[in-house]
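Below is one structure, written out as structure tokens; comments come after it.
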Amino acid sequence: MEAFGYSMTGTKHSVNQDSFYIDESRGIFIVADGMGGHAAGDVASSSAINSISENVGEISVSSIKNALDIANKEVFEKSKTSPDLEGMGTTIAMCCLNGSYATIANIGDSRVHIIKNNEISFVTRDHSFVQQMIDDGQLKESEAKTHAMKNIITRALGVAETVIPDFDGVTVNDGDAIMLCSDGVSNMLDDEVIVHTVLRSNAENAAKTLCKLALEAGGKDDLTAIVIKL
């Protein structure tokens with residue numbers, strides 16, 4: 001296995017509000033996209049990742065959920081310590097590998113993608129206003145990326161006393177790839193570009209190229225990608 005993470009500041013922020021975490025030895029990979037005024041998003045995402053990484057024990061849904069609950073409480077309590085941090089929160093996209101099985105957790109609209117046999121699939125489902133519209137039949141998938149309310153999320157870690165993550169799991173094999181990213185990447189790149197970029201080079205070059213391509217495409221938000229090649 002090889003894994004690499006890369007992050008860049010987009011065009012709308014002076015400070016990168018994304019954070020990421022990689023621990024190949026434990027098989028833990030996390031992307032967080034913070035939100036909040038000034039540097040609050042940066043505080044939220046980095047605080048959440050630090051807390052989650054410290055509190056995940058065994059790779060299991062119960063252990064991951066416990067770590068997310070602790071992180072949610074810590075970020076929520078920290079948001080009340082200063083007017084500058086009020087209302088801050090963060091998305092979470094998390095992949096934990098245990099042998100050939102990947103446990104996936106997500107809150108918000110950061111994503112986990114699996115690439116198998118040159119095809120990409122979304123393991124996570126966005127917690128967003130436009131996803132609700134798609135589910136309700138009010139919006140087509142093809143219209144989602146350009147919708148004016150694309151960036152409105154309906155669930156985030158740290159904005160309330162409790163949060164409910166979604167969990168999924170998938171079996172992975174040698175030759176598969178996993179890509180975690182913030183919406184700054186997924187909103188700007190087509191699936192075909194992601195697959196081509198991930199498959200044609202090593203994890204480091206793929207992660208860097210995904211972020212740079214998303215920046216060239218507009219870079220409307222901060223850009224973070226982790227690429228794991230098995």
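Laboratory data are not the source of any read-out in this text; all were calculated from the coordinates shown. Keep in mind the model is a prediction, meaning the values are calculated, not measured. Ideal geometry is used to build each Cβ from the backbone, glycine not excepted, and the neighbour counts take in all protein chains shown.
The table below lists the values:
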quantity: Residue exposure sequence - 113, 127 - by fewest surrounding Cβ within 10 Å; calculated: 127, 113
quantity: Translational diffusion coefficient (Stokes-Einstein; Kirkwood radius from C-alpha pairs) of the chain at 20 °C, 1.002 mPa s, in µm²/s; calculated: 124 µm²/s
quantity: Net charge dipole size for the stretch 15-181 [Lys, Arg +1 and Asp, Glu -1 on Cβ; Debye, nearest 20]; calculated: 140 debye
quantity: Residue-span extension gain [residue 133 to residue 191] - 0.36 nm each, minus C-alpha spacing; calculated: 18.8 nm
quantity: Calculated over the stretch 7-135: convex hull of Cα atoms, volume per residue (Å³); calculated: 135 Å³
quantity: Relative contact order of the stretch 15-181, defined on C-alpha pairs under 8 angstrom at six or more residues apart (%); calculated: 24 percent
quantity: Spin-label pair residue 164/residue 119, simplified geometry with 7 Å Cα→Cβ offset, distance in nm; calculated: 3.1 nm
quantity: The stretch 1-44 residues near the modelled residue 204 label - backbone nitrogen below 18 Å, point 7 Å along Cα→Cβ; calculated: 1-8, 21-25
quantity: Full-stretch length increase - residue 154, residue 84 - with 0.36 nm per residue and alpha-carbon distance subtracted; calculated: 23.0 nm
quantity: Pairs beyond 20 Å (Cα-Cα), from 116/229; 65/220; 12/212; calculated: 65/220
